[in-house]
1. What does the net charge come to around Leu179 if you take all other residues with beta carbon closer than 14 Å to its beta carbon, with K and R at +1 and D and E at -1?
2. May I ask for the Kirkwood hydrodynamic radius of the range 88-166, worked out over all distinct Cα pairs and given in angstroms to one decimal?
3. Calculate the length of the line joining the C-alpha centroid of the range 1-31 to that of the range 51-69, in whole Å.
4. Using a 1.4 Å probe on the protein chains only, how many percent of the accessible area of the range 56-184 belongs to carbon and sulfur?
5. Could you compute the longest span of the chain free of trypsin sites (Lys or Arg not before Pro) located in DSSP loops and having at most 16 other Cβ atoms within 10 Å, not counting the site residues?
6. At 1.002 mPa s and 20 °C, plugging the Kirkwood radius over alpha-carbon pairs of the chain into Stokes-Einstein gives what diffusion coefficient in µm²/s?
7. What is the range 6-84 by shape, rounded, prolate or oblate, if you read a ≥ b ≥ c off the alpha carbon gyration tensor as root eigenvalues and call it rounded for a/c under 1.5, prolate for a/b larger than b/c, and oblate otherwise?
8. Can you tell me how the range 1-49 classifies by the Cα gyration tensor, rounded, prolate or oblate, using a/c under 1.5 as the rounded cut?
Amino acid sequence: MMDSIDARASVLVLVDYQARLMPAIHDAAVAVANGVLLAQAAHVLGIPVIGTEQNPSGLGPNVEPIRSECSTTLAKTHFDACADGLVQALHKENPDASQIVLAGCEAHVCMLQTALGLLRAGMRVWVVASASGSRRPGDHAAAMARLAQAGATIVSHEMVLFEWLGDCTHPRFRDVLRLIKAAA
């Protein structure tokens with residue numbers, strides 16, 4: 001099992017940052033900002049970005065800063081997006097996809113169940129704690145603990161960005177560094 005994230009095998013999945021849900025999420029602005037930063041860096045590095053929306057007819061679309069960064073947005077009714085075609089969407093975006101960087105809301109419901117579904121599907125999953133949220137901090141913490149126990153790797157957004165780059169001589173290093181500094 002690889003311990004580092006390989007950009008060539010990665011897809012970024014942003015789960016349910018929906019406008020009607022976000023006002024109830026603890027530190028929602030931080031989760032959204034970090035999700036956007038991940039997506040912007042993914043674009044710079046040629047990594048596909050997929051969004052999901054839980055029951056969009058009831059909860060509405062993802063907030064615009066997230067929605068506009070996603071090349072594909074999967075509408076779903078299951079809490080686990082894999083049950084609504086996420087694995088197929090991943091392979092359509094990147095046929096070599098085996099490493100999923102995942103973030104979203106609510107961390108202990110849809111994001112957790114989607115991560116578990118991806119693990120069952122044989123994917124390597126990195127969950128970005130700093131770009132995920134729940135209404136209550138305790139639920140977020142419980143989700144991270146359970147996901148780590150289930151085999152996902154819990155990371156911060158900067159851990160992901162620098163692993164995607166791998167080296168300060170990467171041709172897009174300065175572009176990603178500019179994004180990081182602009183977000184700070």
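1. +1
2. Taking every pair of different Cα atoms in the range 88-166, averaging 1/r and inverting gives 12.7 Å.
3. 13
4. After summing per-atom areas, the C and S share lands at 56 percent.
5. 21-171
6. Roughly 135 µm²/s, to the nearest whole number.
7. Because a/c hits 1.5 or more and a/b fails to exceed b/c, the range 6-84 counts as oblate.
8. On the way: a/c = 2.66, a/b = 2.10, b/c = 1.27.
Since a/c reaches 1.5 and a/b is larger than b/c, the shape of the range 1-49 is classed as prolate.
The values are calculated or read from the model by the stated rules, or taken from the named source; none is laboratory data. Everything numeric in this text was worked out from a predicted model, so none of it was measured. Here the Cβ is made from the backbone with ideal geometry for all residues, glycine too, and neighbour counts use every protein chain on show. Calculation scope for accessible area: heavy atoms of the full protein, side chains included, ligands and nucleic acids excluded. Shrake-Rupley method; radii C 1.70, N 1.55, O 1.52, S 1.80 Å.
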